[in-house]
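Laboratory data are not the source of any read-out in this text; all were calculated from the coordinates shown. From a predicted model like this one, the values you see are computed outputs, not experimental measurements. Cβ atoms come from the backbone with ideal geometry, glycine included; neighbour counts cover every protein chain shown.
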Amino acid sequence: MNKKLTAIFAILMLALCLAGISYALWSKTLYIYGSVDAGDLDAEITDWFSNDPGTTIDPGYTKHVGWVVCTIDPIDPQKAYLEIHNGYPSYRVHYSLTILNTGNVPWKMQSITVDGTPLPNNVWVPKDLDGDGTNDIEFRIIDSIGEQAEHGESVETSLDTHVLQGAHESFHYTFTISFLLVQWNEYVPP
């Protein structure tokens, strides 16, 4: 019985040694080194248009009273400054900004806001810009949300602004329009 146990033990040890040797002969650790070059999501405002640039009769009227001026920041072309001059109740102006994809990643227009208030496509959104509790101006964007631009392509964002009856005479209203651009595959439809 002792001889049988010794033989079984010896055969088991030999099998383990052979398994260990064959594993050592057939295993190898491979290392793969790689690098990732991330893309660049970037844009700038390149152009603007208005249906009342200051040299024409006010849209829908027979007089030239109000007008719009847009200045694209020469140092930071991701900013543009819009000014409505001599706006009056019921004054409406249409303007557009062209945004160029200067990065190498396609982007989509996720949202547009005025002073932090989102503007859905084709819906008038009133704003109280002077804080008196009465809406002064309302804004509307036209079909810009969800538009995509590849590298070197542009998206034209059309906006309408309407001065409401609650606006004060001789008051200078200021507002900020912001665009949120997201990587093309990160866009979430509203």
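Computed about its Cα centre, the charge dipole of the chain is approximately 1860 debye, with only Lys, Arg, Asp and Glu carrying charge at their Cβ. Count Lys and Arg as plus one, Asp and Glu as minus one, and take only other residues whose Cβ is under 13 Å from that of residue 89; the net charge is then -3.
Would you mind calculating the relative contact order of the chain from Cα pairs under 8 angstrom and at least 6 residues apart, reporting the percent as a whole number? Result for the chain is 21 percent. Projecting the Cα positions of 184, 65, 43 onto the charge dipole of the chain (unit charges on Cβ atoms of Lys, Arg, Asp and Glu, taken about the Cα centre) puts 184 furthest along the positive direction.
Taking the Cβ-Cβ separation of residue 168 and residue 37 as r and a Förster radius of 41 Å, what is the calculated FRET efficiency to the nearest 0.05?
The pair residue 168/residue 37 has a calculated efficiency of 0.15.
If the label point is 7 Å along Cα→Cβ of residue 132, which residues in segment 148-171 have backbone nitrogen under 11 Å from it? Under cut-off, by backbone N: 165-171. If the chain between residue 51 and residue 5 were fully stretched, how many nm would it gain, using 0.36 nm times the residue separation less the Cα-Cα distance? Between residue 51 and residue 5, full extension yields an extra 6.4 nm. Would you please calculate the Kirkwood hydrodynamic radius of segment 43-186 over all C-alpha pairs and express it in Å, rounded to one decimal? So the Kirkwood estimate lands at 15.9 Å.
First select every other residue whose beta carbon is under 14 angstrom from the beta carbon of residue 147; then total the charges, Lys and Arg +1, Asp and Glu -1. Local net charge: -3. Taking a sphere under 13 Å around the Cβ of residue 183 and counting the other residues whose Cβ falls inside, with K and R at +1 and D and E at -1, yields a net charge of -3. Residues within the reach of a label modelled at residue 115 (point 7 angstrom out along Cα to beta-carbon, backbone nitrogen below 16 Å), restricted to segment 146-167, are 161-167. Name the residue, out of 169, 150, 83, whose mean-square fluctuation peaks in a Gaussian network model built on the chain with Cα pairs under 10 Å. Comparing 169, 150, 83 in a Gaussian network model of the chain, the most mobile one is 169.
Peptide packing for 101-112, 28-39, 57-68 was compared via the average number of neighbouring C-beta atoms within 10 Å per residue; ordered from the highest value, the list is 101-112, 57-68, 28-39.
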